[in-house]
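What follows is a single structure, and I will ask about it in a moment.
The values are calculated or read from the model by the stated rules, or taken from the named source; none is laboratory data. As the structure is a computational prediction, the values presented were derived from the model and not from experiment. Glycine also receives a Cβ, built like all others from the backbone with ideal geometry; neighbour counts cover every protein chain displayed.
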Amino acid sequence: MISKDIDVAVIGSGPAGLAAAINAKEAGAENVTILERAEQPGGLLHQCVHNGYGLTYFNEDLTGPEYARRFIEKAMDLRVDIELESMVIDLSPDKELVCSSKYGLKKLQPRAIVLAMGCRERTRQQILIPGFNPSGIMTAGTAQRYVNCEGYIPGKEVVILGSGDVGMIMARRLTLEGVKVKAVVEILPYIGGLIRNEVQCLGDFNIPVYLSHTVTNIHGQQRIEGVSVSKVNKNFEPIEGTEFRIDCDLLLTSVGLIPENELSLKAGVKIDPVTGGPIVNENMESNVSGIFAGGNVVHVNDLVDNVSLESQISGTRAAEYALGKTLPSVRRINLKAGENIRYVVPQTIDVGKDVTIYMRVREPREKVRLGIGSIYSENLRVVKPSEMLKAKITLEQLREIKGEVSEIEVSCVKRG
Amino acid sequence: MSILQEPLNKSLEADVAIIGGGIVGACIARELSQYKVETVLIEKYELNAGQSRGTLGLTYWGGLGEVGSSILKSVIAPGSPLYDPESIRLRLQEKGYYMWFQRLLELDIDYKFVKNLIIATNEEELKLLDNMHKLSFEIGPFYMDHRYIERDEILEIEPAVTKDVIRGLVDSGRLTFRAFPPEMTYALVENAQQNGVEIVEDAEVTGITHNGGAQVIHTRRGDIKANFVVNAAGRFADEIARMGGHCDWKIELFKCPLIVMDKSLPRINNFTMLPPIPGRPLVLSPTNEGNTFVVAGLYTKVYDRHDLSTDRESINYAINEAHRISPSITHQGIIRSFGGLRAVNNRNPEENIIEFAPDNPKFLNCAIRLPGMAQAPGVADYVLDRLGNHGLEMVKKSDFNPYRTKIPRFRELSDFYRRQLIEKDPRYGHVVCRCETITEGEICEAIRRGARSVDSVKMRCRAGMGRCQGGFCGPRVVSILARELGIPEEQIRQKEEGTFVVPYRSKELSLRSQ
Amino acid sequence: MTKKIEIRCIKCPLGCLAEIAIHDENDVLDVANTQCKDGKGYVIAEFKSPVRVLTATVLTKSGSSKLLPVKTNRPIHKTRLLDCMDFISKVRVGPPIRMGQVIVSNILNLGADLVSTDELKN
């Protein structure tokens, strides 16, 4: 028995899911349900007790739980249904979804779906550190959950591999809880996350940082006792003779996030191999009609404010779809990632309304010009892979694209 | 000492004590449980911690499956004949293989027959293929279960294989089956427990006193009195042997890397390999859950019995060779790697040692050589026979229950059965491990059946085996374990003793050292 | 006596490493290596008074949620963060707690309250 009276079903109640659900309601959808697998709404915001959220969205400096609470309250006010401890275990291209909870199995066929499952962390095995498999190795996000939600500390002397934001945030958090952070080891020649975190998480506490280094071995059979760290060359291979040991009882890895698209694949959604997320258009709709996506499941963001902004669109358009009010496409333009651009989201746009494009560069550069075809140009002082770029393109600008063109290139070149 | 290592009941006595909770000890326990024989199984760590863990779980007899065995042979006993018709081990292996089928069904163990497929991609490999084929005729019926297979058919039965394949050898698929080794051990032990066998884990044996009458096994948790002792301690067999009596042999250990690949890679269906060259063999093995295992038979000698580590060179070698067999295999697809140990005795590396200690007629050593899975039931049968001949009274139980059912697998059930399961126990509706779709009900059942650590929960019900390797479900498994066992979370172990997952409580660490 | 101190600006991704020349420990003479006005202002402020909002967790007496996330409602001097954490480690709160409720008033006399950043129901 399949329930068909849901207009928009949102999978995930993190910042993306909440924003999408709220906007779906505001756009007129009557029955909006969020399916959340955890015990409380808010997704990972629940464990992000630090501040820095909402700087642009609310013009305030909020902690993760505060940011989440604003959205949760708004969703409740608008009577969005949030089903907790409910896991979507199957999704078909016909938008039939199966959801499991302790109350039983639910089969739903909503009119529109928003995928907002977020991402998971890359593991140590995926970056090939050989050695033993002792206890005392986990990802920074898992450690964050233990420290900020469960009330436990996984070790007292830690080495952090990877200088992504989660790793740096945990360096500070653990220091404040009495853990000795012995080093942050980063394979690239620059810090992977935001400058603000570099200063306030590592600099403030004098935590040693080893750039162009990586962990090459793990010691300790039952519990980790230390790591070997080596310098790497231009090809990121360990340089012989540079190995040294750091004793520790905990190794945290912060080596990247991967959008979680197992469900999307089941539904036949086409995935962009560079972003790891669905290929979407300006409506945040995937190639499967009526399946939209927003947030980290589409591409890994740095700022939750952008996640909310991007997902609002997915919610609004999902509602329009459910109500049969989707505007027909006028003219499709594909966006191609050109020089020094790693990816562009959305990957394809319509010459029908204003659109915000999100991009990441491949390499850090200073004094560059960001260009989108011949219709948009912006000079930037500095660009880094860890800081996402945004460009708002108006309908007028889109209309300037010559008639026979169906693909424009986004590039980031050094200014003359 | 953690709460889990509580002291033993002072009056623990048995007719037979088995030392070692791997596949052999488990098989012996289950066989003995059919008789009115008080049996106790003593395990140093948690069940299945040693060799029975770092293995593919391919159980085979004859045919191309023997290739694996011959690879080890070429490293540790070069020059010995491929097929020795006098070998006791081979007799036990044949018996054991066929004994498995009754047990697989009675114990509800998931199994699947697998074909052995050897492919050639160049001239040199074609020659090796021909040599293997010729050799089989020389050896006789033992090997003759295979035929040549041409390119088109290879690509049909193994679509993920390289397009450079020219031809290959394949067998009928009746001589090899694949099961998950921990599941085999747990199933045997659970059934043994159902029928009265006592299991004692976390109980390292520190000494054995034997002076004529009953023997006393001293463990870290206390003493156990036993009439007979069976030493099935695997990689520690010689240490235990010396405690029980005179021992003129030693265990030598070899290690090889095993790599688990992501499920999303194109599936491997058969036990696939290039023609093995001694010192450079590699196989790809399917699992029943959809991951591919890459195993490089680079048997390197190890001197540390706990050395289950991997190293960069062997992983690189394995992946590069595997890539030649199936181009979709790359470093990016690895989700886990570990070392697998193989033990042989230095008196005769080609054979088992199943004999009583010369100075202790009630102490039976049981140190077997690979293949362990296939031999295990045959070895158990042989062991019972020897015990019986040495005075163990063996009267069959009238109420022996041979059946054991597996932990329900939510992920495999139809929606109808899922609903039924959730209605009976709502915890089966709460998915905890999202990578593998494992529910709280399964985790609780694993704990009820004996799991005490995050690792043993993983081995019994699969929670944490997916691509995020327990990143998401880990904290939840820890808290479920704490709840079900009634102990604080900071005492929950990752695996054996000394591996607490979260050793400290919030606010417990001093800030003043900063 | 003139001294030179390096402070990294966090106003934009350039992260300029500014060089501040100071006289007699406190007077700012000059700021070099910044590329914008905002940056100059920030590093001077950071030099004179490096303050941070402290975010942390407090142990609760609640069965279901063991921790309550908290923050200081004003930034405090960065050298006092660990002292505050020491103090916080001894605090226990019980439900119910409202969002923004003051948990510790004027913590360590630093002019900032420690407030809750979530609700704590029973």
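Each row is one residue, and each column tells you yes or no for (1) under 30 Å from B:Val37 (Cα atoms); (2) surrounded by 14 or more Cβ atoms within 10 Å (Cβ to Cβ); (3) within 14 Å of chain A (Cβ to nearest Cβ).
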residue	(1), (2), (3)
B:Ile354	yes, yes, no
B:Met373	yes, yes, no
B:Gly378	yes, yes, no
B:Tyr382	yes, yes, no
B:Arg404	yes, yes, no
B:Phe416	no, no, yes
B:Arg419	no, yes, yes
B:Tyr428	no, yes, yes
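In addition: For A:Val184, state whether it is away from every other protein chain (no Cβ under 13 Å), in contact with a helix residue (DSSP H, G or I) (Cβ under 7 Å, 6 or more places away or on another chain), modelled with pLDDT of 95 or more and over 24 Å from C:Pro75 (Cα atoms).
It is true that A:Val184 is away from every other protein chain (no Cβ under 13 Å), in contact with a helix residue (DSSP H, G or I) (Cβ under 7 Å, 6 or more places away or on another chain), modelled with pLDDT of 95 or more and over 24 Å from C:Pro75 (Cα atoms).
Out of all the residues in region B:315-332, is one or more surrounded by 23 or more Cβ atoms within 10 Å (Cβ to Cβ) and either within 16 Å of the chain's Cα centre (by Cα) or on the phi > 0 side of the Ramachandran plot (or both)?
Looking for residues that are surrounded by 23 or more Cβ atoms within 10 Å (Cβ to Cβ) and either within 16 Å of the chain's Cα centre (by Cα) or on the phi > 0 side of the Ramachandran plot (or both), one finds none in region B:315-332, hence no.
Checking B:Arg409 against (1) touching a residue at least 12 places away in the same chain (Cβ under 8 Å); (2) surrounded by fewer than 24 Cβ atoms within 10 Å (Cβ to Cβ); (3) of a type in the set (D, E, K, R); (4) farther than 18 Å from A:Lys102 by Cα, only one condition comes out false. Which one?
Just one mismatch for B:Arg409, condition (4).
I would also like to ask the following. How many of the residues in region A:53-82 are in a helix (DSSP H, G or I) and surrounded by fewer than 18 Cβ atoms within 10 Å (Cβ to Cβ)?
Within region A:53-82, residues that are in a helix (DSSP H, G or I) and surrounded by fewer than 18 Cβ atoms within 10 Å (Cβ to Cβ) number 4.
Does region B:2-42 hold any residues that are of a type in the set (A, V, I, L, M) and modelled with pLDDT under 95, and which are they?
B:Ile3, B:Leu4, B:Leu8, B:Leu12
Could I ask something else about it? Within region A:113-121, is even one residue crowded, with 24+ Cβ neighbours inside 10 Å, at the interface with chain B (Cβ under 7 Å from one of its Cβ atoms) and small (Gly, Ala, Ser)?
The answer is no, given that none of the residues of region A:113-121 is crowded, with 24+ Cβ neighbours inside 10 Å, at the interface with chain B (Cβ under 7 Å from one of its Cβ atoms) and small (Gly, Ala, Ser).
Then there is this: Which is within 14 Å of chain B (Cβ to nearest Cβ) and either part of a loop (DSSP other than H, G, I, E, B) or within 29 Å of A:Glu400 (Cβ to Cβ) (or both), of A:Gly276, A:Gly268?
Step by step, each of A:Gly276, A:Gly268 is checked, and only A:Gly276 is within 14 Å of chain B (Cβ to nearest Cβ) and either part of a loop (DSSP other than H, G, I, E, B) or within 29 Å of A:Glu400 (Cβ to Cβ) (or both).
Please find, within region B:410-435, the residue that is farthest from A:Ser86 (Cα to Cα) out of those that are more than 30 Å from the chain's Cα centre (by Cα) and among the charged types (D, E, K, R).
In this case the residue turns out to be B:Lys424.
Still on this model: Between a first residue in region B:304-327 that is in the same structural domain as B:Ile154 (by TED's automatic domain parsing) and a second residue that is in a helix (DSSP H, G or I), which pairs have beta carbons less than 7 Å apart while being 6 or more apart in sequence or on different chains?
Going by the 7 Å Cβ cut-off, the qualifying pairs are B:Arg305/B:Arg235; B:Arg305/B:Phe236; B:Ile319/B:His331.
Can I ask one more? Can you confirm whether B:Arg336 is surrounded by fewer than 23 Cβ atoms within 10 Å (Cβ to Cβ) and more than 21 Å from B:Leu56 (Cβ to Cβ)?
no
With buried (at least 22 other Cβ atoms within 10 Å of the Cβ) and closer than 22 Å to B:Gln494 by Cα as the only criterion, which of A:Cys201, A:Cys248 stands out?
None of the others qualify; the one that does is A:Cys248.
Can you spot a residue in region B:436-455 that is at pLDDT below 95, within 24 Å of the chain's Cα centre (by Cα), outside any loop (DSSP other than H, G, I, E, B) and more than 7 Å from chain A (Cβ to nearest Cβ)?
yes
In region B:275-378, which strands (runs of 3 or more DSSP E) lie fully inside it and hold 1 or more residues that are at pLDDT below 90?
Once the strands (runs of 3 or more DSSP E) in region B:275-378 are filtered for at least 1 residues that are at pLDDT below 90, what remains is B:282-286, B:292-296, B:300-302, B:334-345.
Here's a follow-up. Give the residue that is farthest from the other protein chains (Cβ to nearest Cβ), with candidates limited to residues of region C:48-63 that are out of contact with any helix residue (DSSP H, G or I) (no Cβ under 8 Å at 6 or more places or on another chain) and touching a residue at least 40 places away in the same chain (Cβ under 8 Å).
C:Ser62
With B:Ile422, B:Ile443, B:Ile447, B:Ile438 as the choices, which residue is out of contact with any strand residue (DSSP E or B) (no Cβ under 8 Å at 6 or more places or on another chain) and β-branched (Val, Ile, Thr)?
B:Ile447
Take the conditions over 30 Å from C:Asp30 (Cβ atoms), away from chain A (no Cβ under 11 Å) and not in a loop (DSSP other than H, G, I, E, B) and apply them to C:Leu108. Does it pass?
yes
Further, regarding this structure: Taking interchain pairs and intrachain pairs at least six residues apart, which have beta carbon atoms under 9 angstrom, with the first residue in region A:205-222 and in contact (Cβ under 8 Å) with a residue 60 or more places away in the chain and the second surrounded by fewer than 19 Cβ atoms within 10 Å (Cβ to Cβ) and of a type in the set (S, T, N, Q)?
Listed by first residue and then by second, the contacts come to A:Val215/A:Ser228; A:Thr216/A:Ser228; A:Asn217/A:Ser228; A:Ile218/A:Ser228; A:His219/A:Ser228.
Something else: On the basis of being in a loop (DSSP other than H, G, I, E, B) and within 12 Å of chain A (Cβ to nearest Cβ), does B:Gln469 make the cut?
yes
Now for a separate question. Which of (1) more than 8 Å from chain B (Cβ to nearest Cβ); (2) in contact (Cβ under 8 Å) with a residue 24 or more places away in the chain is the odd one out, the single condition A:Asp94 does not satisfy?
Failed condition: (2).
Do we find a residue being farther than 20 Å from A:Val114 by Cα, within 14 Å of another protein chain (Cβ to nearest Cβ) and touching a Cys at 6+ places or on another chain (Cβ under 8 Å) anywhere in region A:366-379?
Checked against the condition, which is being farther than 20 Å from A:Val114 by Cα, within 14 Å of another protein chain (Cβ to nearest Cβ) and touching a Cys at 6+ places or on another chain (Cβ under 8 Å), region A:366-379 yields at least one hit.
Could you please let me know if A:Val307 is part of a strand (DSSP E or B), among the β-branched types (Val, Ile, Thr) and either away from chain C (no Cβ under 14 Å) or crowded, with 16+ Cβ neighbours inside 10 Å (or both)?
Judged against the criteria, A:Val307 is not a match.
Restricting to region B:313-341, name every residue that is of a type in the set (Val, Ile, Thr) and touching a Pro at 6+ places or on another chain (Cβ under 7 Å).
Within region B:313-341, just B:Ile315 meets the criteria.
Could you check how many residues of region C:66-83 are facing chain A (nearest Cβ under 9 Å) and either in contact with a Phe, Trp or Tyr (Cβ under 7 Å, 6 or more places away or on another chain) or in contact (Cβ under 8 Å) with a residue 12 or more places away in the chain (or both)?
Total satisfying the criteria: 5.
Please specify each residue of region C:1-48 satisfying the condition of being small (Gly, Ala, Ser) and either farther than 21 Å from C:His77 by Cα or not in a helix (DSSP H, G or I) (or both).
Correct list: C:Gly15, C:Ala18, C:Ala21, C:Ala32.
Have a look at B:Leu485, B:Leu511, B:Leu481 and point out the one that is aliphatic (A, V, I, L, M) and within 7 Å of chain A (Cβ to nearest Cβ).
The match here is B:Leu511.
Listed here are the residues, each with its yes/no results for (1) more than 11 Å from every other protein chain (Cβ to nearest Cβ); (2) surrounded by fewer than 24 Cβ atoms within 10 Å (Cβ to Cβ); (3) farther than 27 Å from A:Tyr190 by Cα.
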| site | (1), (2), (3) |
| --- | --- |
| A:Gly131 | no, yes, no |
| A:Ser135 | no, no, yes |
| A:Ala140 | no, no, no |
| A:Val147 | no, no, yes |
| A:Tyr152 | no, no, yes |
| A:Val158 | yes, no, no |
| A:Leu161 | yes, no, no |
| A:Gly164 | yes, no, no |
| A:Met168 | yes, no, no |
